[in-house]
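Engineer: Below are the structure tokens for one structure; questions will follow.
The values are calculated or read from the model by the stated rules, or taken from the named source; none is laboratory data. Note that the coordinates shown come from a computational prediction; the quantities given were computed from them, not determined experimentally. Cβ atoms come from the backbone with ideal geometry, glycine included; neighbour counts cover every protein chain shown. The area values use the complete protein model at the heavy-atom level, side chains included, leaving out ligands, DNA and RNA. Shrake-Rupley method; radii C 1.70, N 1.55, O 1.52, S 1.80 Å.
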Amino acid sequence: GLIILGRESELTVVDLADRTVTINKPVERVVLGSSRHMHEFVAVEGGENPFTKIVGWGSDLELYDKDTYNKYVEEFPEIADIPDVGYHYKGTFSVETVITLTPDVVVFPLWIVDYEGIDDDINALETAGIPVIYMDYYTKPFENPVPSTLLLGYVLNKEERAREIVDFYTEQTNEVYSRIEEIGEPKPKVYVECGSKGPSTYGNTYGNTGWGAMITICGGINIAEDLPGGPINPEYLMDKNPDVIVISGSYWPTTPGSMRLGYFADPEESKEILMAFTERPGWDTISAVENHRVHSIFHGFSFRIYNFAGIQSFAKWFYPEEFDDLDPEERFIEFHERFLPVDYSGVWMMSIEE
């Protein structure tokens, strides 16, 4: 993400797909192809009501992170009425709807760059005089948050605020990266599972993307690195005998018993659910369970501007002594206070203590 040219009336940028795009200024009307980019958008936009420029968005925030959606609707009831433009992942994205909203720019998540028909969508929008830019916090979660946030800053004319966010983000991630390099001790073996299916069914694990990539960058050994993704074979898990287990949590209302974290999570309830995972057949023999090194982390921490909280949590869980002074929750609270329009609440990371 790089600005090439800024004139009075227009702005030329390079987006995260390396496309050169010219946008008319000022940008007053924005469509978010993924409403989960709301986090980044409101952080950069700031002000009393950071939603006034969003004239349409995808349906994914309400579909996949209802907890966060509800939290924001509580504070800004009018966002329940933001027009839904459909969602590429569901095959429902509507170019026609977007055109009727007359946005100054449309923001797409980079992971849809190879979707069939995506170039047709972009061409149709550009023909209607609507530029499209790609942002990314998902496909390269450690490289692209900074350029994506700066790009958004240019587009919204909030460069200074974007720079502030990026400085905070970089400071938080460097706390981990700078020390990981110094640590000489053996790396812990780590297993991460998406807790959306609850204790009774094994959820997906991660190869070298998402949580898998985060394990590696935080100095752990991902026991599923060579696996194709999907649920792990329990025997393989026992055989690998991980030192640390992390179950991701969110609000998955359709699955009773799923791991519960987020704005409306209750600490006692979340702890009970996490304990239930450790009671799976054979888990009492796993090092991580025997040594009380079982944790839970908010599922969205692997693909958002605030993934530093996930990075810090992993580092602290992998190397408790080296990162004894680090408090990921405190930093996440500070991010809310400085950059987000809603107050921190609920539970976002937790551990089974002895």
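Engineer: Consider ILE305 against the criteria (1) over 16 Å from ASN204 (Cβ atoms); (2) touching a Pro at 6+ places or on another chain (Cβ under 6 Å); (3) part of a helix (DSSP H, G or I): it satisfies all of them except one. Which criterion is unmet?
Structural biologist: (3)
Engineer: Kindly indicate the residue of region 50-65 that is open to solvent by 50 Å² or more (accessible area, probe 1.4 Å) and in contact (Cβ under 8 Å) with a residue 24 or more places away in the chain and also farthest from SER345 (Cα to Cα) among those meeting that condition.
Structural biologist: It comes out as LEU63.
Engineer: Got a number for residues in region 244-284 being touching a helix residue (DSSP H, G or I) at 6+ places or on another chain (Cβ under 9 Å), among the charged types (D, E, K, R) and assigned to a helix (DSSP H, G or I)?
Structural biologist: Residues flagged as touching a helix residue (DSSP H, G or I) at 6+ places or on another chain (Cβ under 9 Å), among the charged types (D, E, K, R) and assigned to a helix (DSSP H, G or I) within region 244-284 amount to 1.
Engineer: Which condition from (1) open to solvent by less than 10 Å² (accessible area, probe 1.4 Å); (2) touching a residue at least 60 places away in the same chain (Cβ under 8 Å); (3) under 22 Å from VAL347 (Cα atoms) is the one that GLY203 breaks?
Structural biologist: (2)
Engineer: Continuing with the same structure: Determine, yes or no, whether GLU235 is closer than 20 Å to ASP67 by Cβ and either open to solvent by less than 40 Å² (accessible area, probe 1.4 Å) or in a helix (DSSP H, G or I) (or both).
Structural biologist: Details: closer than 20 Å to ASP67 by Cβ: no; either open to solvent by less than 40 Å² (accessible area, probe 1.4 Å) or in a helix (DSSP H, G or I) (or both): yes.
Spelling it out, it is not the case that GLU235 is closer than 20 Å to ASP67 by Cβ and either open to solvent by less than 40 Å² (accessible area, probe 1.4 Å) or in a helix (DSSP H, G or I) (or both).
Engineer: Mind checking whether some residue in region 114-124 is in contact (Cβ under 8 Å) with a residue 60 or more places away in the chain, open to solvent by 10 Å² or more (accessible area, probe 1.4 Å) and closer than 15 Å to ARG19 by Cα?
Structural biologist: Among the residues of region 114-124, not one is in contact (Cβ under 8 Å) with a residue 60 or more places away in the chain, open to solvent by 10 Å² or more (accessible area, probe 1.4 Å) and closer than 15 Å to ARG19 by Cα, which makes the answer no.
Engineer: Further question: Quick check: is even one residue across region 66-85 farther than 26 Å from PRO131 by Cα, open to solvent by less than 10 Å² (accessible area, probe 1.4 Å), of a type outside the set (Phe, Trp, Tyr) and within 22 Å of the chain's Cα centre (by Cα)?
Structural biologist: Yes - at least one qualifying residue is present in region 66-85.
Engineer: Okay, moving on. Given the criterion open to solvent by 50 Å² or more (accessible area, probe 1.4 Å) and over 25 Å from GLU40 (Cα atoms), identify the matching residue among THR254, THR278. Even if it seems obvious, please write down each step before you answer.
Structural biologist: Numbers: THR278 fails: open to solvent by 50 Å² or more (accessible area, probe 1.4 Å).
Going through THR254, THR278 in turn, the sole match is THR254.
Engineer: Whether any residue in region 16-27 is within 19 Å of TYR344 (Cβ to Cβ), open to solvent by 50 Å² or more (accessible area, probe 1.4 Å) and in contact (Cβ under 8 Å) with a residue 40 or more places away in the chain is what I want to check.
Structural biologist: Checked region 16-27: no residue is within 19 Å of TYR344 (Cβ to Cβ), open to solvent by 50 Å² or more (accessible area, probe 1.4 Å) and in contact (Cβ under 8 Å) with a residue 40 or more places away in the chain.
Engineer: With (1) open to solvent by less than 50 Å² (accessible area, probe 1.4 Å); (2) out of contact with any Leu (no Cβ under 7 Å at 6 or more places or on another chain) as the list, and ILE352 as the residue in question, which single condition is left unmet?
Structural biologist: Unmet for ILE352, out of (1) open to solvent by less than 50 Å² (accessible area, probe 1.4 Å); (2) out of contact with any Leu (no Cβ under 7 Å at 6 or more places or on another chain): (2).
Engineer: (1) small (Gly, Ala, Ser); (2) farther than 30 Å from PRO341 by Cα; (3) in contact (Cβ under 8 Å) with a residue 24 or more places away in the chain: which one isn't true of GLY86, the others all being true?
Structural biologist: So GLY86 meets the others, but not (2).
Engineer: Tell me, which strands (runs of 3 or more DSSP E) lie completely within region 86-199 with 3 or more residues that are closer than 30 Å to LEU237 by Cα and of a type in the set (A, V, I, L, M, F, W, C)?
Structural biologist: On the way: elements: 105-109, 132-135, 189-194.
In region 86-199, the matching strands (runs of 3 or more DSSP E) lie at 189-194.
Engineer: Determine whether GLY46 is buried (at least 20 other Cβ atoms within 10 Å of the Cβ) and in contact (Cβ under 8 Å) with a residue 12 or more places away in the chain.
Structural biologist: no
Engineer: Just the residues that are within 30 Å of PHE323 (Cα to Cα) and open to solvent by less than 30 Å² (accessible area, probe 1.4 Å), please, taken from region 130-146.
Structural biologist: Narrowing region 130-146 to residues within 30 Å of PHE323 (Cα to Cα): 136-146.
Scanning region 130-146 gives ASP136, TYR137, PRO141, ASN144, PRO145.
Engineer: If you go through region 94-113, how many residues are open to solvent by less than 30 Å² (accessible area, probe 1.4 Å) and not small (Gly, Ala, Ser)?
Structural biologist: The number of residues fulfilling the criteria is 11.
Engineer: Can I ask one more? Check region 308-316 and report whether any residue there is part of a helix (DSSP H, G or I), charged (D, E, K, R) and over 19 Å from HIS39 (Cβ atoms). Quick ask: steps written out before the conclusion?
Structural biologist: We begin by selecting, within region 308-316, every residue part of a helix (DSSP H, G or I); these are 308-316.
Still in the running and charged (D, E, K, R): 316.
Then keep just the ones that are over 19 Å from HIS39 (Cβ atoms); that gives 316.
Looking through region 308-316, at least one residue is part of a helix (DSSP H, G or I), charged (D, E, K, R) and over 19 Å from HIS39 (Cβ atoms).
Engineer: Might you let me know whether region 161-169 holds any residue that is modelled with pLDDT of 95 or more, within 25 Å of ARG280 (Cβ to Cβ) and either surrounded by fewer than 20 Cβ atoms within 10 Å (Cβ to Cβ) or of a type in the set (A, V, I, L, M, F, W, C) (or both)? Working first, answer last.
Structural biologist: Applying the first criterion (modelled with pLDDT of 95 or more) to region 161-169 yields 161-169.
Add one more test, that the residue is within 25 Å of ARG280 (Cβ to Cβ), and what stays is none.
No: region 161-169 contains no residue that is modelled with pLDDT of 95 or more, within 25 Å of ARG280 (Cβ to Cβ) and either surrounded by fewer than 20 Cβ atoms within 10 Å (Cβ to Cβ) or of a type in the set (A, V, I, L, M, F, W, C) (or both).
Engineer: Which pairs have Cβ atoms under 7 Å, sit 6 or more apart or on different chains, and link a residue in region 311-328 that is within 11 Å of HIS295 (Cβ to Cβ) and free of Cβ contacts under 8 Å to residues at least 40 places away in the same chain to one that is among the acidic types (Asp, Glu) and in a helix (DSSP H, G or I)?
Structural biologist: none
Engineer: Under the condition of being open to solvent by 10 Å² or more (accessible area, probe 1.4 Å) and over 14 Å from the mean Cα position of the chain (by Cα), which residue from region 293-318 is nearest to ASN174 (Cα to Cα)?
Structural biologist: Applying the filter and picking the extreme gives LYS316.
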